1. Within the chain, what whole-number % of the accessible surface is contributed by carbon and sulfur, with the 1.4 Å probe and all protein chains included in the calculation?
2. With each pseudo-label sitting 7 Å past Cα toward Cβ, what's the Lys64-Ala14 distance in nm, one decimal?
3. Apply 1/(1 + (r/R0)^6) to the Cβ-Cβ distance of Ile83 and Gln1, taking R0 = 25 Å, and write down the FRET efficiency to the nearest 0.05.
4. Need one value: the accessible area of Leu11 in square angstrom, 1.4 angstrom probe, rounded to the nearest 10.
5. Counting only residues 5 or more places away or on other chains, whose amide H sits under 5 Å from the amide H of Gly107 once H atoms are built in the peptide plane?
6. Let me check I've understood the local charge: for Trp104, count other residues with C-beta under 15 angstrom from its C-beta, Lys and Arg +1, Asp and Glu -1. What total comes out?
7. Please give every one of the lysines within straight-line cross-link reach of Lys64, meaning a C-alpha to C-alpha distance under 23 Å, and leave out same-chain neighbours fewer than 8 residues apart.
8. Can you work out the accessible area per residue across the chain, with the rest of the protein chains kept in place, probe 1.4 Å, in square angstrom?
Amino acid sequence: QVQLVESGGGLVQAGGSLRLSCAASGSILSFNVMGWYRQAPGKQRELVAQITSGDNTYYAGAVKGRFTISRDNAKNTVYLQMISLKPEDTAVYYCHAYSLTSYWGQGTQVTVSS
């Protein structure tokens, strides 16, 4: 059974940084694509960043230039480095993986104070 576990969320002041981690129970090389989504209260879940098995990356316009997605295959972990955080980045961040079937983590809260 595939499990994705996010960590690294917390409270940070505007302009600060956080690094989120997504640890998979198995090899992340088995997934065609992995990514990060976020959901703010009253809003739908939106794609933030993704990385393919070929290391192609995509970023939502709202975070491009501030967020970086990366992976460590040896640790079976995907990261989201976030800098210059803004209050509008406040949301629950979810790890996602796809390979024929979609898998989701439980989410980690990121709160950015003004």
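The values are calculated or read from the model by the stated rules, or taken from the named source; none is laboratory data. None of these values were measured; they are calculated from a predicted model. Note that we place each Cβ from the backbone using ideal geometry, even for glycine, and neighbour counts take in every protein chain shown. Note: areas computed on protein heavy atoms with side chains; ligands, DNA, RNA excluded. Shrake-Rupley method; radii C 1.70, N 1.55, O 1.52, S 1.80 Å.
1. Roughly 48 percent of what the probe reaches on the chain is carbon or sulfur.
2. The answer from the label model is 2.4 nm.
3. The calculated FRET efficiency here is 0.15.
4. Only protein atoms counted, so the area is about 130 Å².
5. Placed amide hydrogens put Glu6, Cys95 under 5 Å from Gly107.
6. 0
7. Hits, sequence-local ones excluded: Lys43, Lys86.
8. Numbers: 6030 Å² over 114 residues.
About 53 Å² of surface per residue is accessible.
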